[in-house]
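Q: Would you mind keeping the following structure in view while I ask a few things?
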Amino acid sequence: MTPSQPAEEVRPREVFAWAMYDFANSGYTTVVITAVFNAYFVAVVAGDAPWATLAWTLTLAVSYAAVMVTAPIVGAYADRHATKKKLLVVSTLGCVACTAALATAGPGALALTCVLVVASNFFFSTGENLIAAFLPELAKGKSLGKVSGWGWGLGYVGGLVSLGASLAYVTAAQGRGETAAQFVPVTMLITAALFLLASLPTLLVLKERAVPQPLAARTLAAEAFGRVLDTVRHAARFADLARFLVCLVCYQAGVQAVVALAAIYAEQAMGFTTKDSITLILAVNVTAALGAVAFGQVQDRLGHVRTIALTLVGWIATVALAWWATDRTAFWVAANLAGLCLGASQSAGRALVGYLSPRDRRAEFFGLWGLAVKLSSILGPVTYGLASWLSQGNHRLAILITGAYFVAGLAVLVGVDARRGRRAALRASRPG
């Protein structure tokens, strides 16, 4: 019995191979962005300077800005030449190589570390956009939520594997009396190796079903941004998708702040050690996997919009609890509630974009999804970083301010009608 209803002429093993990419790349976000390297960057590489958290968020912002500039070109190129698979291979190998190179990061190596973080995150984010564009080719409209949910669920299992391997090594290293400057670089090699190994099913089994389109007279860049502008000019045809992308920018700003700063908040505001943070985020990955799979099972029946609204209410409660928490028990509750909301909101958002996208512009529209997420990845963490810096290290105030993005996202979501948006996408997909 398969976990979802695949599209015609798609074997279950290919759906599994697609989902395995979420398993593979989640180790990067979990270990590098969320649990280990971010706090290491602040405390060791930047020497716990007053501007260290802001430097981390600005470094991420540079990588996301680069993705925003290139995503339309990559999406248009993938559509025009049917090369999603080839580009996915390049982005995967690039992220693996740069993640392994982060093993050279140490005290005082700020410039080199920033360059490697920018490059690794750029490759990761590009690959994330490309793998998402395969989703509508593998699942029918009514099962997009379920397939996406299984992908995100496997993703959190992948995060658990990488984080668990890192925790085992950190525990052994601390037992030998090693410091973070000695054991954190090794966790980068572990993460890179697991990413490469786990991505092999995707790179070997997943098929490119797109058909090359006729070449245009314009240059690729002109064509790419021309298509994006064309989408904007015809936004009235896809009004619900456009509104949801605005909603996505809002609530993902809050999500990305939590993802990028979780370990920093835990260590700076709650007094956690590296081992404490890894243990906490291991537990959060379990709840995130459960949230992604559970909501994926009910999303197609409950409705995409209602599912997302429910998770945003959960995010608002999470931020309030984290701000209020003064002991580790309350913070653990807040963190695991965040895990449930994280898995559900990420999966539901990706599925809704696929549901509202015309068939012949899927890669481009998932490029727009990527643009929205990357814009939020700049807004949320930089807002947190600025709030922390201006308040002289008040991380509680910073998380509370960042939480306002979830409230804004919920307000924008109210006007999204998924059925109307789906009808518009189907009309645009018909010949003529």
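Q: Yes or no: W18 of a type in the set (A, V, I, L, M, F, W, C), at pLDDT 90 or above, open to solvent by less than 20 Å² (accessible area, probe 1.4 Å) and more than 27 Å from Q182 (Cβ to Cβ)?
A: Values: of a type in the set (A, V, I, L, M, F, W, C): yes; at pLDDT 90 or above: yes; open to solvent by less than 20 Å² (accessible area, probe 1.4 Å): yes; more than 27 Å from Q182 (Cβ to Cβ): yes.
So W18 passes the test.
Q: Hey, another quick one. Any residue at all in segment 376-396 that is free of Cβ contacts under 8 Å to residues at least 60 places away in the same chain and not in a loop (DSSP other than H, G, I, E, B)? I'd like the intermediate steps shown before the answer.
A: Initially, segment 376-396 is screened for residues free of Cβ contacts under 8 Å to residues at least 60 places away in the same chain, giving 387, 390-391, 394.
Subsequent filtering for residues that are not in a loop (DSSP other than H, G, I, E, B) retains 387, 390.
Within segment 376-396, one or more residues are free of Cβ contacts under 8 Å to residues at least 60 places away in the same chain and not in a loop (DSSP other than H, G, I, E, B).
Q: Being closer than 19 Å to T34 by Cβ and part of a helix (DSSP H, G or I) is the filter; apply it to segment 397-415 and report the residue that is farthest from the chain's Cα centre (by Cα). Walk me through how you get there before you give the answer.
A: Filtering segment 397-415 down to residues closer than 19 Å to T34 by Cβ leaves 398-399, 402-403, 405-406.
Narrowing further to those that are part of a helix (DSSP H, G or I): 398-399, 402, 405-406.
Numbers: A398: 21, I399: 19, T402: 17, Y405: 17, F406: 16 Å.
Step by step, filter segment 397-415, then rank; the result is A398.
Q: Which residues, counting only those in segment 273-298, are closer than 19 Å to D48 by Cα and surrounded by fewer than 22 Cβ atoms within 10 Å (Cβ to Cβ)? Can you show your working first?
A: Looking only at segment 273-298, we keep the residues that are closer than 19 Å to D48 by Cα, and these are 273-277.
Hits for segment 273-298 are T273, K275, D276.
Q: Kindly indicate the residue of segment 368-396 that is under 20 Å from the mean Cα position of the chain (by Cα) and open to solvent by 50 Å² or more (accessible area, probe 1.4 Å) and also farthest from A139 (Cα to Cα) among those meeting that condition. Let's see the steps before the verdict.
A: Applying the first criterion (under 20 Å from the mean Cα position of the chain (by Cα)) to segment 368-396 yields 368-385.
Restricting the remaining residues to those that are open to solvent by 50 Å² or more (accessible area, probe 1.4 Å) gives 375, 379.
Values: L375: 28, L379: 32 Å.
If we take residues in segment 368-396 being under 20 Å from the mean Cα position of the chain (by Cα) and open to solvent by 50 Å² or more (accessible area, probe 1.4 Å), then L379 is farthest from A139 (Cα to Cα).
Q: Could you tell me whether any residue of segment 179-193 is exposed (fewer than 13 other Cβ atoms within 10 Å of the Cβ) and modelled with pLDDT under 95?
A: Narrowing segment 179-193 to residues exposed (fewer than 13 other Cβ atoms within 10 Å of the Cβ): 179.
Now narrow it down to the ones that are modelled with pLDDT under 95: 179.
So far as segment 179-193 goes, yes, one or more of its residues are exposed (fewer than 13 other Cβ atoms within 10 Å of the Cβ) and modelled with pLDDT under 95.
Q: For A35, only one of the following conditions fails: (1) open to solvent by less than 20 Å² (accessible area, probe 1.4 Å); (2) over 19 Å from F195 (Cα atoms); (3) modelled with pLDDT under 95; (4) not hydroxyl-bearing (S, T, Y). What is its number?
A: Here A35 clears every test but (2).
Q: Give segment 350-367 a look and list any residue that's assigned to a helix (DSSP H, G or I), open to solvent by less than 30 Å² (accessible area, probe 1.4 Å) and either in contact with a helix residue (DSSP H, G or I) (Cβ under 6 Å, 6 or more places away or on another chain) or among the small types (G, A, S) (or both), or say none. Talk me through it step by step, then tell me what you get.
A: Filtering segment 350-367 for residues assigned to a helix (DSSP H, G or I) gives 350-355, 359-367.
Filter once more, keeping what is open to solvent by less than 30 Å² (accessible area, probe 1.4 Å): 350-354, 363-367.
If the condition is that a residue be assigned to a helix (DSSP H, G or I), open to solvent by less than 30 Å² (accessible area, probe 1.4 Å) and either in contact with a helix residue (DSSP H, G or I) (Cβ under 6 Å, 6 or more places away or on another chain) or among the small types (G, A, S) (or both), then R350, A351, L352, V353, G354, A363, E364, F366, G367 are the ones that fit.
Q: Next question. Could you list all residues from segment 38-55 that are touching a Leu at 6+ places or on another chain (Cβ under 8 Å), surrounded by fewer than 24 Cβ atoms within 10 Å (Cβ to Cβ) and assigned to a helix (DSSP H, G or I)? Before the answer, list the steps.
A: Keep residues of segment 38-55 that are touching a Leu at 6+ places or on another chain (Cβ under 8 Å), which gives 38, 45-46, 53-55.
Subset that is surrounded by fewer than 24 Cβ atoms within 10 Å (Cβ to Cβ): 46, 54-55.
Once the filter is applied, which keeps residues that are touching a Leu at 6+ places or on another chain (Cβ under 8 Å), surrounded by fewer than 24 Cβ atoms within 10 Å (Cβ to Cβ) and assigned to a helix (DSSP H, G or I), segment 38-55 yields L54, A55.
Q: Taking into account only those residues within segment 84-109 that are under 22 Å from the mean Cα position of the chain (by Cα) and polar (S, T, N, Q), which is surrounded by the most Cβ atoms within 10 Å (Cβ to Cβ)?
A: Applying the first criterion (under 22 Å from the mean Cα position of the chain (by Cα)) to segment 84-109 yields 84-102.
Okay, now just the ones that are also polar (S, T, N, Q), so 91-92, 99.
Details: S91: 22, T92: 25, T99: 30.
Only one residue tops the list, namely T99.
Q: Name, by its number, the condition in (1) assigned to a helix (DSSP H, G or I); (2) over 30 Å from Y77 (Cα atoms); (3) modelled with pLDDT of 85 or more that does not hold for C247.
A: Status for C247: all satisfied but (2).
Q: Shifting gears a bit: Look at L197 and say whether it is in a helix (DSSP H, G or I), at pLDDT 85 or above and open to solvent by 90 Å² or more (accessible area, probe 1.4 Å). Step through it out loud before you land on a result.
A: Values: in a helix (DSSP H, G or I): yes; at pLDDT 85 or above: yes; open to solvent by 90 Å² or more (accessible area, probe 1.4 Å): yes.
Considered against the rule, which asks whether it is in a helix (DSSP H, G or I), at pLDDT 85 or above and open to solvent by 90 Å² or more (accessible area, probe 1.4 Å), L197 comes out as yes.
Q: Does at least one position in segment 235-243 carry a residue that is modelled with pLDDT of 75 or more, in contact with a helix residue (DSSP H, G or I) (Cβ under 6 Å, 6 or more places away or on another chain) and under 23 Å from Y169 (Cβ atoms)?
A: Pass one, segment 235-243, residues modelled with pLDDT of 75 or more: 238-243.
Applying the additional criterion that residues be in contact with a helix residue (DSSP H, G or I) (Cβ under 6 Å, 6 or more places away or on another chain) yields 238, 240-242.
Narrowing further to those that are under 23 Å from Y169 (Cβ atoms): none.
No, there is no match, as no residue in segment 235-243 is modelled with pLDDT of 75 or more, in contact with a helix residue (DSSP H, G or I) (Cβ under 6 Å, 6 or more places away or on another chain) and under 23 Å from Y169 (Cβ atoms).
Q: Still on this model: Considering every residue within segment 310-328, establish whether at least one is closer than 30 Å to L220 by Cβ and buried (at least 24 other Cβ atoms within 10 Å of the Cβ). Full working, then the answer.
A: Initial filter on segment 310-328 (closer than 30 Å to L220 by Cβ): none.
Checking segment 310-328: not a single residue is closer than 30 Å to L220 by Cβ and buried (at least 24 other Cβ atoms within 10 Å of the Cβ).
Q: Same structure again: Given the structure, is R301 open to solvent by 10 Å² or more (accessible area, probe 1.4 Å), assigned to a helix (DSSP H, G or I) and without any contact (Cβ under 8 Å) to a residue 40 or more places away in the chain? Write out each step before concluding.
A: Values: open to solvent by 10 Å² or more (accessible area, probe 1.4 Å): yes; assigned to a helix (DSSP H, G or I): yes; without any contact (Cβ under 8 Å) to a residue 40 or more places away in the chain: yes.
Judged against the criteria, R301 is a match.
Q: Hey, could you check segment 200-222 for residues that are free of Cβ contacts under 8 Å to residues at least 60 places away in the same chain and part of a helix (DSSP H, G or I) and say which is least open to solvent (accessible area, probe 1.4 Å)? Explain how you work it out, then say what you get.
A: First, the residues of segment 200-222 that are free of Cβ contacts under 8 Å to residues at least 60 places away in the same chain: 200, 214, 217-219, 222.
So of that shortlist, the ones also part of a helix (DSSP H, G or I) come out as 200, 222.
On the way: L200: 73, A222: 44 Å².
Applying the filter and picking the extreme gives A222.
Q: Need a quick list: helices (runs of 4 or more DSSP H) entirely within segment 66-155 having at least 2 residues that are within 24 Å of N285 (Cα to Cα) and among the hydroxyl-bearing types (S, T, Y).
A: Values: elements: 84-101, 110-132, 135-138.
Ranges flagged: 84-101, 110-132.
Q: Ok, one more. Look through L58, L112 and report the one residue that is without any contact (Cβ under 8 Å) to a residue 60 or more places away in the chain and open to solvent by 40 Å² or more (accessible area, probe 1.4 Å).
A: Numbers: L58 fails: without any contact (Cβ under 8 Å) to a residue 60 or more places away in the chain.
Criteria check complete, one pass: L112.
The values are calculated or read from the model by the stated rules, or taken from the named source; none is laboratory data. All figures in this text were calculated on a predicted structure; none of them were measured in a lab. Ideal geometry is used to build each Cβ from the backbone, glycine not excepted, and the neighbour counts take in all protein chains shown. Just so you know, the surface numbers come from the protein's heavy atoms only, side chains and all, with ligands and any DNA or RNA stripped out. Shrake-Rupley method; radii C 1.70, N 1.55, O 1.52, S 1.80 Å.
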